[in-house]
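**Student:** Just passing along the structure, written as structure tokens.
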Amino acid sequence: MISFNLRAFATALFLGSAIAAVGSLPAAVPAEASARPAVGKLLQEAIRLAGSGNTSGAGEKVREAESVGGLTSGDQQAIEQTKSYIAAKNGSGATGSKAKFANDYNAGRFRDVVGEDADELRKAGQYDGESELIVAQAYYQMQDYPSAIRMLRDMHGQGPLELLMSAAYKSGDNDAMRIAAEQLIINYNQPKYWSDILAMADRSAGLSPDNTMDVYRLRLLTNTMRNADDYTTAAEVAIQIGCPTEAQGIVQKGMDAKLLNDARTVRLMTMAKSQAGSEAAGLAQEAAAANAAKTGDADIKLSAQYWGMGRFQDAQNAAKAGIAKGVTNSNLAQIRLAMADIGLHQRDAAVHALSAVSGGAKPGDVLLSHLWSIYARTH
């Protein structure tokens with residue numbers, strides 16, 4: 001019978017594993033996630049000390065954490081989990097197959113962990129979810145990333161997903177990376193992974209200029225623009241698809257971020273301002289022509305222009321009008337309607353609009369509708 005909480009042990013082992021390949025991956029443990037900062041900081045130090053072999057010092061940090069006033073249930077749970085980890089590092093609290101399993105992992109005997117140790121646990125009926133996570137970590141430590149990924153795909157929780165993300169990154173498994181990043185954004189409020197899924201979107205085949213622009217729009221909305229080239233290219237694409245006012249705003253954002261300040265920036269801003277002036281002067285006439293048209297394609301283009309100007313109600317009206325009349329690209333039309341809904345903070349309506357996007361000859365529209373849906377559900 002094992003007396004320590006193996007989940008805490010597994011998570012703490014994960015903390016100590018070499019997962020820094022993806023620079024944005026955090027080294028978080030339940031002690032930090034569920035405890036208040038004053039308690040979590042002490043427990044994190046306790047885990048660090050125990051990991052380096054100083055279990056007596058780790059115990060002292062736990063006692064300091066216990067002395068913090070007004071302990072919450074989250075504080076107490078994190079304290080117990082940290083005690084479990086210290087017990088495991090100290091070699092106490094575990095017996096039989098579980099003890100060998102823990103000791104072999106700590107000693108770096110990973111082949112034993114994934115082989116005979118795991119088999120013994122299965123025979124004893126002790127191979128549970130926590131054990132499975134440790135086996136996955138052992139595969140990771142052995143650099144057998146495909147085996148780790150195979151196991152981690154079926155696990156839940158932020159820790160396993162972060163390990164999946166790292167294993168997928170190291171093995172070049174873009175599909176597993178995408179799954180992990182999306183779940184970390186949706187279920188664990190980790191917006192930093194937008195950078196990863198948008199980078200993967202950049203590399204997708206079959207993106208139209210409208211799709212490419214939407215990737216940059218999402219980068220701007222999620223604060224994941226990477227460099228001066230992102231701002232410059234985004235502005236150029238905005239001009240290409242007929243949204244010069246939006247392009248002007250993008251260049252200004254790049255300048256405000258101290259990334260755009262050269263002669264090319266001046267030329268691009270001059271072009272955007274000139275075309276934005278023409279756009280504003282002719283917008284009423286353009287709207288009248290779209291309203292008079294028998295099909296809705298012009299309305300959908302107009303919706304994108306309104307969106308780039310921040311006129312979200314007009315963007316929504318134009319998109320609805322275009323969809324009602326019928327359009328050449330119904331998927332793009334639903335995306336434009338959803339974007340307007342998001343601008344108006346009508347998130348449920350946006351998700352509903354995007355649910356109408358179906359497969360077709362333009363896979364980029366399907367991809368971008370999926371990304372906009374993630375954004376709508378998490379903001």
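Readers should treat all values here as calculations from the given coordinates under stated rules, not as data from a laboratory. Owing to the predicted nature of the structure, the values given are computational and were not obtained by experimental measurement. Virtual Cβ from ideal backbone geometry, glycine too; neighbours counted across all protein chains shown.
**Student:** How far apart, in nm, are two points set 7 Å out from the Cα along the Cα-to-Cβ line at D119 and at N261?
**Tutor:** That separation, rounded to one decimal, is 6.5 nm.
**Student:** While we're on this one: State whether the stretch 204-378 is rounded, prolate or oblate according to the following rule on the C-alpha gyration tensor (a ≥ b ≥ c being the square roots of its eigenvalues): a/c under 1.5 gives rounded; otherwise a/b larger than b/c gives prolate, and the remaining case gives oblate.
**Tutor:** Oblate, since a/c reaches 1.5 and b/c is not below a/b.
**Student:** Another question, if that's okay. How high is the relative contact order of the chain, in percent, counting Cα pairs under 8 Å that sit 6 or more residues apart?
**Tutor:** 10 percent
**Student:** Next question, about the same structure. Based on the Kirkwood radius over alpha-carbon pairs, what is the Stokes-Einstein translational diffusion coefficient of the stretch 293-343 at 25 °C with 0.890 mPa s viscosity, in µm²/s?
**Tutor:** Rounded, D is 246 µm²/s.
**Student:** Continuing with this model, one more query. Treating only the Cβ of Lys, Arg, Asp and Glu as charged (+1, +1, -1, -1), what charge dipole size does the chain show about its Cα centre? Round to the nearest 20 debye.
**Tutor:** Dipole of the chain, to the nearest 20 debye: 380 debye.
**Student:** What number, rounded to the nearest 500 deg cm²/dmol, is the helix-based mean residue ellipticity at 222 nm of the chain, given -39500 (n - 2.57) per DSSP H run of at least four residues and division by all its residues?
**Tutor:** About -22500 deg cm²/dmol.
**Student:** Right, something else. Enter the angle in degrees (range 0 to 90, nearest 10) between the Cα long axis of helix 129-141 and the first principal axis of the Cα atoms of the chain, meaning the one along which they spread out most.
**Tutor:** Tilt relative to the chain: about 80 degrees.
**Student:** Could you tally the net charge around I79, taking each other residue with its Cβ under 11 Å from the Cβ of I79, Lys/Arg +1 and Asp/Glu -1?
**Tutor:** Taking every other residue near I79 into account, the sum is -1.
**Student:** Can you tell me the FRET efficiency between A356 and S204 if r is taken as the Cβ-Cβ distance and R0 is 25 Å, rounded to the nearest 0.05?
**Tutor:** Efficiency for this residue pair is about 0.75.
**Student:** Here is a further query. Between R36 and N189, with labels modelled 7 Å along Cα→Cβ, what's the label distance in nm to one decimal, could you check?
**Tutor:** Simple spin-label model gives 1.8 nm for this pair.
**Student:** How about the stretch 247-352: which trypsin sites (Lys or Arg not before Pro) there are in a DSSP loop, with at most 13 other Cβ atoms within 10 Å of their Cβ?
**Tutor:** Filter output for the stretch 247-352: K258, K294.
**Student:** May I ask you to derive the FRET efficiency for H156 and D128 from their Cβ-Cβ distance with R0 = 22 Å, giving the value to the nearest 0.05?
**Tutor:** The formula returns an efficiency of 0.95 here.
**Student:** I would also like to ask the following. How many nm is it between the label spots at S171 and M142, if each spot is 7 Å from the Cα in line with the beta carbon?
**Tutor:** 1.2 nm
**Student:** Taking the 0 to 90 degree range and rounding to the nearest ten, how far is the long axis of helix 363-378 tilted relative to the main principal axis of the chain, both from C-alpha atoms?
**Tutor:** Once rounded, one gets 60 degrees.
**Student:** Something else now. Treating the angle as unsigned and between 0 and 90°, give the value, to the nearest 10°, between the Cα long axis of helix 37-51 and the longest Cα principal axis of the chain.
**Tutor:** It works out to around 50 degrees.
**Student:** Between E236 and A280, what is 0.36 nm times their sequence separation minus the Cα-Cα distance? Round to one decimal in nm.
**Tutor:** Here the segment from E236 to A280 would lengthen by 14.0 nm.
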